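See structure below.
All of the numbers you see were taken from the coordinates with simple rules; none came from a lab. Bear in mind the structure is a predicted one, so any value in this text is a computation, not a measurement. Please note: Cβ atoms are built from the backbone with ideal geometry, for glycine as well, and neighbour counts cover all protein chains shown.
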Amino acid sequence: MANNETTAPVANVREAGNPGGIITTKQGSRTVTTVDPLERNGELAFPNSIAVYDRVRTDAQVESVLNAISLPILSAQWDLNVEGVDDNVVALVRTELGLPEPGKAMSGRQRRQGISWLEHLEQVLTMVWAGFMCFEQVYEIAPARPDQTDIGLSEIIHLRKLAPRLPRTISEIQVEKDGGLKAVIQQGDANGKDIKIPAENLVMYTHRKEGADWSGRSILRAAYRPWFIKETLVKLDAQAGERNSMGIPVVTYDDGTDGNADEADRIATTMRAGETAGLSYRTGQYSVEILGMKGSVVDLLPKINYHDQQIAKSALAMFLDLGHDAGARSLGETHLQLFIRSIQHLANKLAETATEHIIRDLVELNFGEGTPYPVLTPGNLAANEGISAADLASFVTAGVVSVDEKLEDYIRTNNGLPVSDKATRRETSKSPLSDFGMSLKHEEDIDALVNRVAVIRARRAAAGDTSV
């Protein structure tokens, strides 16, 4: 065959390699495949990493970063994309996950079983600092609840629990030869026996999984070095403050009297500053003075602030440190946009996992395999902040939005205002310009009014009406 000739491609139906991150060991007669964390710092490799990162997140700056990541996701407009999905399927998923229909806020509470999506989401976000978070799905077969009577099922396989299995309790993650999740091993029960939870009963959230490493990568991995150095600097700063804030007591004594040396040492080592602190002795026996520090010690605060900034930068949360440098505020909007994009990606990944391993399982158990199921979505996080009162007023003034009872109720509810009472409602004074959607508040309004009147006159003139 000539070198320039090619052969038809052949479909590869048998996997030869593996994604990496796999360790195969013998346990008696069994071969067990487990996760290789792909982390060469043993202290930060799973399962040791969980205890380390749990300590790291007690730092105030780290906690600020984690809160900045979590809060936009928790406050997102979580909803279902229901295109092409049967209404009964949608109703089942909404009631089981506790997701209200869009635009229908919960005006009252009813006793219900099942999961709370917001509570589940709070626990899911453990994966951000731990690298992963898993839940065991627990179902029960029972009649339809009062809010499920229209679904058309007399008995429903309810999702009773998404029971959290905290990372600190997981001692081993087992994978298949191709890298797929097989099971997790949880530390011993009351009898000291380890618990094996198979993958088909799990919902496994993983942050930045590499290869077959289902333990993920903590968002604090890049922040570990600046945190470690900062910890040392903070301790040194505290020691310097303790040692130098009072000065060093120096006691001289009469060498000719027995016991004076020991007493002088006692005075020097036990002297403390305080509201009632003082010392008395016979003339000639002792002389006491407090020697202050000469010169200056190294100011560690700029170094501590630098490492705080590095911690924030590792998570693209640079806006948390705005104001430390001149001109930094001008970058705030750019920093925030970049950060929101990263959080949007994280929220989308969470939604994808929940869709494929919670919603799909729930739908197929109740309606059969192959049934179309809704897709969970966090919405657009950048748009979740809503509009300001000034923007809303501008929309109303421009005629883009009309004020109705629903809009008024929404504004009152979201701004802590009392419920509207029609019996005590007062008519607001009407501006002469209100018919034009204008006010005399701004000079621009007057210019716009003049232009609008000119347009109206032109239209009427064209129609033969000169009564303007």
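Structural remarks
- In order through the stretch 54-64: 3J(HN,Hα) via Karplus (6.51 cos²θ - 1.76 cosθ + 1.60), integer Hz, x for Gly, Pro: 5, 6, 4, 6, 7, 5, 4, 5, 5, 4, 4
- Estimated distance in nm for a label pair at residue 455 and residue 422, the labels positioned 7 Å out from Cα along Cα-to-Cβ: 3.5 nm
- Set of aspartates and glutamates with alpha-carbon distance to residue 193 below 12 Å, sequence-local pairs under 8 removed: none
- Extent along the principal axes, Cα only, for the stretch 124-267: 102, 41, 35 Å, with the longest axis given first.
- Once both labels are positioned 7 Å from their Cα atoms along Cα-to-Cβ, the gap between residue 272 and residue 412 label points is 6.0 nm.
- Added length on full extension, which subtracts the Cα-Cα distance from 0.36 nm per residue, residue 254 to residue 149: 28.1 nm
- For the stretch 1-80, GluC sites (Glu not before Pro) meeting the loop criterion (DSSP other than H, G, I, E, B) and having at most 15 other Cβ atoms within 10 Å: 5, 15.
- Residue exposure sequence - 127, 204 - by fewest surrounding Cβ within 10 Å: 204, 127
- Converting phi to 3J(HN,Hα) with the Karplus coefficients 6.51, -1.76 and 1.60 and the offset θ = phi - 60°, the stretch 231-238 yields 4, 5, 5, 5, 5, 5, 5, 5 Hz in sequence order, with x at every glycine or proline.
- Karplus-derived HN-Hα couplings along the stretch 139-154 (A = 6.51, B = -1.76, C = 1.60, θ = phi - 60°), whole Hz, x at Gly and Pro: 10, 8, 9, 7, x, 4, 7, x, 8, 10, 5, 8, 6, x, 10, 6
- Taking 0.36 nm per residue of sequence separation and removing the Cα-Cα distance, the residue 23/residue 403 pair yields an extension gain of 130.4 nm.
- If the chain linking residue 31 and residue 356 were pulled fully straight, counting 0.36 nm for each residue of separation and taking away their Cα-Cα distance, it would gain 114.1 nm.
- An ellipsoid equivalent to the stretch 156-212, defined through the eigenvalues of its Cα gyration tensor, has semi-axes of 20, 18, 11 Å when rounded to whole angstrom and sorted largest first.
- Long pairs among 230/313; 161/209; 26/182, criterion Cα-Cα beyond 23 Å: 161/209
- From the Kirkwood radius over Cα pairs of the stretch 120-200, Stokes-Einstein at 20 °C and 1.002 mPa s returns a whole-number translational diffusion coefficient of 143 µm²/s.
- Sparsely packed trypsin sites (Lys or Arg not before Pro) within the stretch 149-220, loop by DSSP, other Cβ within 10 Å at most 16: 177, 193, 208
- Residue 194-residue 225 FRET efficiency (beta carbon distance; Förster radius 41 Å; 0.05 resolution): 0.75
- Across the stretch 162-276, the mean sequence separation of Cα contacts (distance under 8 Å, 6 or more residues apart), normalised by length, yields a relative contact order of 12 percent.
- 12 Å cut-off, amide nitrogen to a point 7 angstrom out along residue 123 Cα→Cβ, residues in the stretch 179-218: 203
- FRET efficiency, residue 265 to residue 63 (Cβ-Cβ, R0 60 Å, nearest 0.05): 0.85
- For residue 22, the amide hydrogen comes within under 5 Å of the amide hydrogens of 36, counting only partners 5 or more places away or on other chains and with H modelled in the peptide plane.
- Backbone amide hydrogens, once placed in the peptide plane, bring residue 174 within less than 5 Å of 182, 183, 184, 185, excluding anything fewer than 5 places away on its chain.
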